[in-house]
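Q: To start, I am sharing the structure in question, which I have written as structure tokens.
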Amino acid sequence: MSEFLRVERTGPVATIWIDRQAKMNTMTVAMREEFPGLFRDLDADAAVRVVVVRGAGGKAFSAGGDLAEFLTLAPADLEQWGDTLTAAERCRKPVIAAIDGYAMGAGLELALACDLRIATRRSEFAFPEIRLGMIPGSGGTQRALRLIGMTRAKLFMLTGQRISAERAEAWGLITQVVPDDGLDAAVQALAGELAARAPLALRTLKMVLNRGADAPLETALELERKSYAWLRATHDYEEGVKSFLEKRPPKYLGR
């Protein structure tokens, strides 16, 4: 692991810290290439039920990519590099982006690849690429479009404007805005709620939502029905029903 990325575990919650504070947590190519392995390892760790991605320092989640590297890369190098940040979406476990400060460019693309985004009121969001003669290239155009719609997506990306956390929440770009001193509590509460849910059901639901969103309705409904039927064969499905009927907390085992 590089000096700028680290993983901390607290019970069932693992936090990936982006810690390059002197550069506003901008991400180098080497940093980006670590994300697939980090998420793959956390996905395979049965003790981890929720993943949080967070920027250190209180000034930025990540202000984007390291621009100094861009002109050293050939077009062939850039074609696939956006796939590194999609690792958050590929992870079968719930992934929360905890945003405090700037989330811009590739930093915002990483946040959009997460399932849920909680941000402090002082946070700001932008895709400034158009001002540099480029466009978002790590999933930003398509994920933002699907979250906020064509009209807002064009305004947001064609101008490269910054928007506040309140506007980002109103548009649907982020999940929740919290007071500047309330991020820790909000993330802990959400992560704890998710960690208490049945892991297989969470994993299956994430897949059904992500894949069903772009499928024809009949195909998506069939995916839902088949997934529901499959869960009936699991311990956690039976445990969930029995615990409800017996009026006791469930004990999910992830199997």
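Q: Looking only at segment 59-85, how many residues end up being assigned to a strand (DSSP E or B) and within 22 Å of Lys206 (Cβ to Cβ)? If you could, list the steps in order and put the result at the bottom.
A: The initial filter retains those residues of segment 59-85 that are assigned to a strand (DSSP E or B), namely 60-62, 65.
From what's left, within 22 Å of Lys206 (Cβ to Cβ): 61.
Number of matching residues: 1.
So that you can scan it fast, the table gives a plain yes or no per residue for (1) open to solvent by less than 70 Å² (accessible area, probe 1.4 Å); (2) closer than 21 Å to Lys59 by Cβ; (3) basic (Lys, Arg); (4) in contact (Cβ under 8 Å) with a residue 60 or more places away in the chain:
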{"residue": "Arg122", "(1), (2), (3), (4)": "no, yes, yes, no"}
{"residue": "Gly139", "(1), (2), (3), (4)": "yes, no, no, no"}
{"residue": "Leu145", "(1), (2), (3), (4)": "yes, no, no, no"}
{"residue": "Leu155", "(1), (2), (3), (4)": "no, no, no, no"}
{"residue": "Ile163", "(1), (2), (3), (4)": "yes, yes, no, no"}
{"residue": "Ala168", "(1), (2), (3), (4)": "yes, yes, no, no"}
{"residue": "Leu173", "(1), (2), (3), (4)": "yes, yes, no, yes"}
{"residue": "Val178", "(1), (2), (3), (4)": "yes, yes, no, yes"}
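Q: Further question on the same structure: Show me the strands (runs of 3 or more DSSP E) entirely contained within segment 86-187 in which 1 or more residues are more than 26 Å from Arg40 (Cβ to Cβ). Even if it seems obvious, please write down each step before you answer.
A: On the way: elements: 95-99, 102-104, 116-120, 124-126, 176-178.
Fully inside segment 86-187 and qualifying: 102-104, 116-120, 124-126, 176-178.
Q: Could you grab me the full set of residues in segment 195-248 that are in a loop (DSSP other than H, G, I, E, B), open to solvent by 90 Å² or more (accessible area, probe 1.4 Å) and closer than 24 Å to Leu116 by Cβ?
A: Listed by number, the residues that qualify are Arg197, Asp214.
So that you can scan it fast, the table gives a plain yes or no per residue for (1) touching a residue at least 60 places away in the same chain (Cβ under 8 Å); (2) among the aliphatic types (A, V, I, L, M); (3) surrounded by fewer than 24 Cβ atoms within 10 Å (Cβ to Cβ):
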{"residue": "Val48", "(1), (2), (3)": "no, yes, yes"}
{"residue": "Gly57", "(1), (2), (3)": "no, no, yes"}
{"residue": "Ala76", "(1), (2), (3)": "no, yes, yes"}
{"residue": "Thr84", "(1), (2), (3)": "no, no, yes"}
{"residue": "Arg92", "(1), (2), (3)": "yes, no, yes"}
{"residue": "Ile96", "(1), (2), (3)": "yes, yes, no"}
{"residue": "Ile118", "(1), (2), (3)": "yes, yes, no"}
{"residue": "Phe125", "(1), (2), (3)": "no, no, no"}
{"residue": "Pro128", "(1), (2), (3)": "yes, no, yes"}
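Q: Based on this model, can you work out whether Leu253 counts as modelled with pLDDT under 95 and open to solvent by 90 Å² or more (accessible area, probe 1.4 Å)? Write out each step before concluding.
A: Numbers: modelled with pLDDT under 95: yes; open to solvent by 90 Å² or more (accessible area, probe 1.4 Å): yes.
So Leu253 passes the test.
The values are calculated or read from the model by the stated rules, or taken from the named source; none is laboratory data. As the structure is a computational prediction, the values presented were derived from the model and not from experiment. As a convention, Cβ positions derive from the backbone with ideal geometry for all residues, glycine included, and neighbour counts pool all protein chains shown. For the accessible areas, the whole protein counts, side chains as well, though only heavy atoms, and no ligand, DNA or RNA atoms are used. Shrake-Rupley method; radii C 1.70, N 1.55, O 1.52, S 1.80 Å.
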